[in-house]
Amino acid sequence: MKATLKLIAAIAFIFFATETIQAQQSEKQLKKEVSSKTSKSVRKDAKKYVKQGYYVAPGGLPIDKQLERAQMKAYETNDKGEPKYLIESGNSVAETQTAAKLQATETAKLSLAGQISTQVAALIENSIANQQLNTEEAASVTKTVAASKNLIAQELGRVIPLVEMYKKIGTNVEANVQLAYDMEAAFDIARKVIRKSLEEETKIAHEKLEGLLKFNE
């Protein structure tokens, strides 16, 4: 019995020691990332923002690190060599920092949704002829896709915050944010939203509808 208890204690010790080492390594990697130098162009842009009076929230990454993160996301590609993320900015002025951030974030999300619906419209336009839609059906599809921006914005899940900085404007606060959204997830949401709208508002045959919504697959 004692031998068994000793074995359990030894296993538990090894487990917690391993967890502690991993946590220390993660902390070291994070500190290294924060302290590493950013590129000259990014530092130059960051200095411009600081000169204009922008600052970050307590605990937030320095402006140069945020700009670097945004730049890296913009260059990321998927296995097809296409951009992996959609990126949009939002700006707002409000009486409090929290309100300004919320409004700026909503503006950026709406811009993301607009970018998604624009790209989807172009892809679906190419599919309309292939699915042999008549004039009325084609017009309905075009109208539905054009009206999908707000619906897509409502369905957007977790956005990736890239930049979040603030500036005092008299007694108010200006928030400047930049968000990223995974391209593949964005198209999945667009398909879901547009499929539901087309099913409710048109009488397009199921097989034609499925063909239209195979964009970017």
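What tally of residues in segment 139-175 results from selecting those that are surrounded by 14 or more Cβ atoms within 10 Å (Cβ to Cβ), of a type outside the set (Val, Ile, Thr) and in a strand (DSSP E or B)? Please lay out each step first, then the result.
Step one: list which residues in segment 139-175 are surrounded by 14 or more Cβ atoms within 10 Å (Cβ to Cβ), which gives 140-142, 144-145, 148-149, 151-153, 155-156, 159-167, 172-175.
Remaining after also requiring of a type outside the set (Val, Ile, Thr): 140, 148-149, 151, 153, 155-156, 161-162, 164-167, 172, 174-175.
If we keep only those that are in a strand (DSSP E or B) as well, we get 161-162, 164-167, 172, 174-175.
The total comes to 9.
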Any residue at all in segment 118-133 that's over 25 Å from residue 184 (Cα atoms), among the aliphatic types (A, V, I, L, M) and touching a strand residue (DSSP E or B) at 6+ places or on another chain (Cβ under 9 Å)? no
Filtering segment 142-179 down to residues that are over 30 Å from residue 124 (Cα atoms) and either of a type in the set (D, E, K, R) or more than 18 Å from the chain's Cα centre (by Cα) (or both) yields 164, 166, 167, 168, 169, 170, 171, 172, 173, 174
Looking at segment 72-100, which of its residues are of a type outside the set (S, T, N, Q), modelled with pLDDT of 95 or more and exposed (fewer than 15 other Cβ atoms within 10 Å of the Cβ)? 95
If you go through segment 75-104, how many residues are β-branched (Val, Ile, Thr), over 22 Å from residue 187 (Cβ atoms) and in a strand (DSSP E or B)? 1
So, first residue more than 17 Å from residue 201 (Cα to Cα) in segment 140-164, second residue assigned to a loop (DSSP other than H, G, I, E, B) and among the hydrophobic types (A, V, I, L, M, F, W, C), Cβ within less than 9 Å, six or more apart or across chains; the pairs are 164/56; 164/57; 164/61
Matching residues in segment 44-63 (of a type outside the set (Val, Ile, Thr), assigned to a helix (DSSP H, G or I) and either surrounded by 15 or more Cβ atoms within 10 Å (Cβ to Cβ) or at positive phi (or both)) number 3
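The values are calculated or read from the model by the stated rules, or taken from the named source; none is laboratory data. All figures in this text were calculated on a predicted structure; none of them were measured in a lab. Cβ atoms come from the backbone with ideal geometry, glycine included; neighbour counts cover every protein chain shown.
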